[in-house]
Amino acid sequence: MLTTLLSTYSYLLFHSVIEVISIVISGGIFFIGWNSRKYMNSSFFLIIGISFLFISVIDLLHTLTYSGMGILLEFDANLPTQLWVAARYWQSISYLLALFAINKKINATYLMVGELIIITVLLITIFYGIFPTSYIVGIGLTPFKIISEYIIILILLASAIILYKFRSEFNRKIFHLISISLNITIISELAFTFYVSVFDFSNFIGHIFKIIAFFFIYKAIIEKGLEDPFGLLLRKLKLSDESLRRKADDLELSYSEFSQMFNASAPLRVISKDCEIIRVNKTYLNLFKLSIEEILGRKCYDPDLKHLGHQCNTDLCSMKQIEKGKDYFEYELITKIDDNTKIVTLVRSVPYRNIKGEFVGIIQNFTNLTKRSKLETAMKNSEEKYRNLVEDSLEGIWVINGDANTTFVNLSMADMFGYKIDEMMGKSLYKFMDEDGKDLAEINFERRKQGIKEDHEFEFIHKSGRKISTKIRTSPIYDETGKFSGAMAFVTDDTEQKIGREKIADMARFYTENPYPVLRLSKKYVLLANRASQTLFRIGEGSRIPEILVKSVEEAFSKDKNSEIEIKIKDRIYTLFFVPFIGKGYMNIYGMDITARKEVQDRLERFVSTVSHELRTPVSVLTLSMEFLENHSDKLTPEVNKKLREGISRNISLLKDLIEDILTLSRIDEGKVRMEWNEYKPFLIFNEILTLMEPVGNEKNITFNVDVSEDITLFGDNKKIDQIFRIFIDNAIKYSMNINKIEIKAIDHYKGKYNTDARNGILFQIKDNGIGISKDDISSIFERFFRSEKVTDIPGTGLGLSIAKELIELHSGEVYVESEYGNGTTFYIFLPRIEKNININQA
């Protein structure tokens, strides 16, 4: 009434009062919800409390920015309307989330921080014009505002429905108050869909219903929270505590022990002193095919329960026997369930006392003897048949006594281990296993003594010494007094099956262990992918098919035909085989890295091309020269004749050298180079080479400076070493100018940058002052058939340095080069000292 009067005086004052009251109520709800977090497993009031704190902040901003307040003059009526929409969305969603979290525990700090982040982002979008327009002055509400109100109403309706579903979680009065608040909030939101001016009647009605809704939520949470905090926040705890106290007054057992007893598998019944059946467990109901309504609260002597066959009102009445002072009383009970079913039970009754020791009734335990009785009868009637069944069983049966000695085995058991029955009788269980098995069997036997039945796998030793994998079902055996007397096992030979399972497991692991990519794809997704595939294509199982494979996969599926492609990924070349299985809806892809193979193919192609080119020139010269001599011999002068013959001889030598070099490299590639290991002196090899090459050097007026000790002795193939040094010296002469000097030097026990592993050995330096090697060419000089464009006028095959490098590596050596174009070249050959006991047949 007061708020209505205020609206007639000043709508702005009315609005402010309404909003301030709702803000104060929101703060109170936050106080209750925040302080409930320590005591509740439910997060309902925590989420509501924290949400209403931030809702109150938005409502406060809504109040301060409302048209006519004159605080933020740069904003029109759209701003408070946007804040209103944001607050109501928050309020409705918080109800919904709180109900979903009613049986969950949420971290209060995370929730507070999360909502703080949300309100910060929300306010930024509103004050910076990102939030959708909700009100246009002179026009009224925007479609966004109206649609939002209907969405909020739907969320509130969903919350009301879910609240009803969880009504048992709340105090009855609190449930009704929250329900009323939700429904009135829905009416309030509906009213806010009709106004045009922020001061018109539907806006007024909406605010009236808002304050009424907040009044009921105030009654539900704040007023009840202050009057009866247990009824609001700790209802379940309170109910459980009261129940526990009532039970404790009657029981000498603790409540947890009593509950545990009644959750046991044995059928149980509790009868009070006045013969009223006050409790039964589910097993009891199932045994006698009863419902809880049929039995609970009835007198045990009720005529309607006569069919149960109890001995009430007779001398065998359990209540009378226990009241006489007996610690327990037992009798056998036969209960007729229907015309075809009888249940035989052993009923054992014990006193039921309260914590004061006063007798208040009896607890009865029913042991079902029906099956045991039938089994005993059947065994008596067909003992011989049973023995035959056991002895003829395909499954091994093994019985041991309390000392783990064998007292019975059937024929299948003895055959499984390769023994006769008599050979196993009386033998210890542990005789049929290794030491590791014995340790495990001792542990298992202790478990049998504790009454534990279990199935497990075990490995025994056959009479022949081989291992037998078995599956065993074991049970303890007790004598008539209930004392442990041994164990019985049903044993199945699982050796072949285990080997089969291991093979299957190995096959299952095969694709995962494959170093190359293996995939299984549907038409859109990756079904299986081994590690190599996942790394190569950056996929996982369930990923979409890699883009690079999509086209090939579609073609393979459409053609239903195996196909193969080559792809290049990360400087590696792969061949992929596509094998579709249309009927099964998938395709397998098997990949292989063929980078090395492609490189070999490329080298072979280059080799063939280069050899063809290198052979073509001398062969062409020889052909032309021979034809000229044959056709024009009568016209040739002696001088021309001589030059032609010298050219033929030179090209024949070039062909011979080229063929020899190619054969040498071929033997190296095929690993067919045979090394003849022996001691040699580098000085003598250099001396012999220079003696043979001195005439060639003299033609160019080249002098040789040799600094190699005569005392140096190495172990290796001296012919290959001669070939190595000959190549380097021949190159030095060939590419040196006239009047030049070649230096040859040996450094024993060299340690430096040309000895990367710091091995004991000798560094040989062959230095010339010739034309040198350009920077562009120096990285390629050891490649086969490489010849610089700057030396095309100098004869050569382009194989010498590559052969020298291969032969040096056969001696575990290294070769390096330093050169400056126009200023000569120095080759460094490091040869380690090799032990004399090396295999002389090493290739």
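In the condition set (1) among the hydrophobic types (A, V, I, L, M, F, W, C); (2) modelled with pLDDT under 75; (3) open to solvent by 50 Å² or more (accessible area, probe 1.4 Å), Leu6 is compliant with all but (3). Residues in segment 201-214 include at least one that is closer than 24 Å to Ser26 by Cβ and of a type in the set (Ser, Thr, Tyr). Take the conditions (1) within 29 Å of Ile659 (Cα to Cα); (2) open to solvent by less than 70 Å² (accessible area, probe 1.4 Å); (3) over 52 Å from the mean Cα position of the chain (by Cα); Tyr750 misses just one of them, which is (1). Just to verify a result, which residue in segment 516-545, among those that are in contact (Cβ under 8 Å) with a residue 40 or more places away in the chain and in a loop (DSSP other than H, G, I, E, B), is surrounded by the most Cβ atoms within 10 Å (Cβ to Cβ)? In this case the residue turns out to be Pro517. Checking each residue in segment 419-436 for being touching a residue at least 12 places away in the same chain (Cβ under 8 Å), open to solvent by 30 Å² or more (accessible area, probe 1.4 Å), closer than 18 Å to Asp493 by Cα and assigned to a loop (DSSP other than H, G, I, E, B) picks out Tyr419, Asp434. Here Ile452, Ile461 are screened, and the one residue that is loosely packed, with under 13 Cβ neighbours inside 10 Å and either in contact (Cβ under 8 Å) with a residue 24 or more places away in the chain or touching a Leu at 6+ places or on another chain (Cβ under 8 Å) (or both) is Ile452. Here the condition is being loosely packed, with under 13 Cβ neighbours inside 10 Å and at pLDDT 90 or above; of Asp479, Asp439, it holds for Asp439 alone.
Exactly one residue out of Phe725, Phe785 is closer than 23 Å to Lys681 by Cα and either hydroxyl-bearing (Ser, Thr, Tyr) or under 60 Å from the mean Cα position of the chain (by Cα) (or both), and it is Phe725. Of all residues in segment 707-727, those satisfying the criterion of being free of Cβ contacts under 8 Å to residues at least 60 places away in the same chain, open to solvent by 30 Å² or more (accessible area, probe 1.4 Å) and under 23 Å from Ile803 (Cβ atoms) are Asn718, Lys719, Arg726. Within segment 297-310, does at least one residue satisfy the condition of being part of a helix (DSSP H, G or I), open to solvent by less than 40 Å² (accessible area, probe 1.4 Å) and of a type in the set (Gly, Ala, Ser)? No, segment 297-310 has no match at all. Exactly one residue out of Gln82, Gln91 is surrounded by 20 or more Cβ atoms within 10 Å (Cβ to Cβ) and within 45 Å of the chain's Cα centre (by Cα): that is Gln91. All conditions in (1) open to solvent by 30 Å² or more (accessible area, probe 1.4 Å); (2) in contact with a Phe, Trp or Tyr (Cβ under 9 Å, 6 or more places away or on another chain); (3) in a helix (DSSP H, G or I) hold for Asp730, with the sole exception of (2).
Looking across Thr470, Thr474, one residue alone is touching a residue at least 24 places away in the same chain (Cβ under 8 Å), surrounded by 15 or more Cβ atoms within 10 Å (Cβ to Cβ), within 36 Å of the chain's Cα centre (by Cα) and not in a helix (DSSP H, G or I). It is Thr470. Screening Ile50, Ile23 for residues that are in contact (Cβ under 8 Å) with a residue 12 or more places away in the chain and either crowded, with 23+ Cβ neighbours inside 10 Å or among the basic types (Lys, Arg) (or both) leaves exactly one candidate, Ile50. Checked against (1) touching a residue at least 12 places away in the same chain (Cβ under 8 Å); (2) of a type in the set (D, E, K, R); (3) open to solvent by 30 Å² or more (accessible area, probe 1.4 Å), Glu189 meets all criteria but (3).
The values are calculated or read from the model by the stated rules, or taken from the named source; none is laboratory data. The model shown is predicted, which means the values in this text are computed figures rather than measured ones. Note that we place each Cβ from the backbone using ideal geometry, even for glycine, and neighbour counts take in every protein chain shown. Each accessible area value is taken on the protein alone, full model and side chains, heavy atoms only, with ligands, DNA and RNA left out. Shrake-Rupley method; radii C 1.70, N 1.55, O 1.52, S 1.80 Å.
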